[in-house]
Amino acid sequence: MDRDFFVAFEDDYHISKKGKQRYGAEAQYDIYPVEDIKNVDLLREKVGLPPLYYDKIIYDIDIPKDYVIDEKKFRDSIFSKVKSL
């Protein structure tokens, strides 16, 4: 089973304990902010998830206002994943 399968469960647990998400899996950022928004993409990468910005592009989900993404870095990250397939 892939590690990313458990992310939603981990975020639900984290929300119940601290009121915040770790991975941004719940996408209700106004209600449950991401605990460490500066490093969320590093956490997501460790479990096999794309950067949070991917959700904005693909699903048109509003991402947290304090989330900062370098678009070049994002594109390089996505293209490197595609090339490795």
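The values are calculated or read from the model by the stated rules, or taken from the named source; none is laboratory data. Everything quoted here is computed from the prediction, not taken from an experiment. Virtual Cβ from ideal backbone geometry, glycine too; neighbours counted across all protein chains shown. Heads up: the accessible areas ignore ligands, DNA and RNA and are worked out on the full protein's heavy atoms, side chains in. Shrake-Rupley method; radii C 1.70, N 1.55, O 1.52, S 1.80 Å.
Values for this structure:
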| item | result |
| --- | --- |
| Under-5 Å amide H pairs with residue 34, H placed in peptide plane, nonlocal only | 21 |
| Reachable lysines from residue 18, criterion Cα separation under 23 angstrom, eight or more residues apart if same chain | 38, 46, 65 |
| Relative packing of 25-31, 56-62, which averages over residues the other C-beta atoms within 10 Å, highest first | 25-31, 56-62 |
| For the stretch 75-82, Karplus couplings with θ = phi - 60° (6.51, -1.76, 1.60), whole Hz, Gly/Pro x | 4, 4, 4, 5, 5, 5, 5, 5 |
| Global form of the chain, assessed from the alpha-carbon gyration tensor, a/c cut-off 1.5 | oblate |
| For the chain: accessible area per residue (Å², 1.4 Å) | 74 Å² |
| Calculated FRET efficiency for the pair residue 5/residue 39, C-beta based, R₀ 22 Å, to 0.05 | 0.55 |
| Rounded to 10°, Cα long-axis angle of helix 7-18 versus longest principal axis of the chain | 40 degrees |
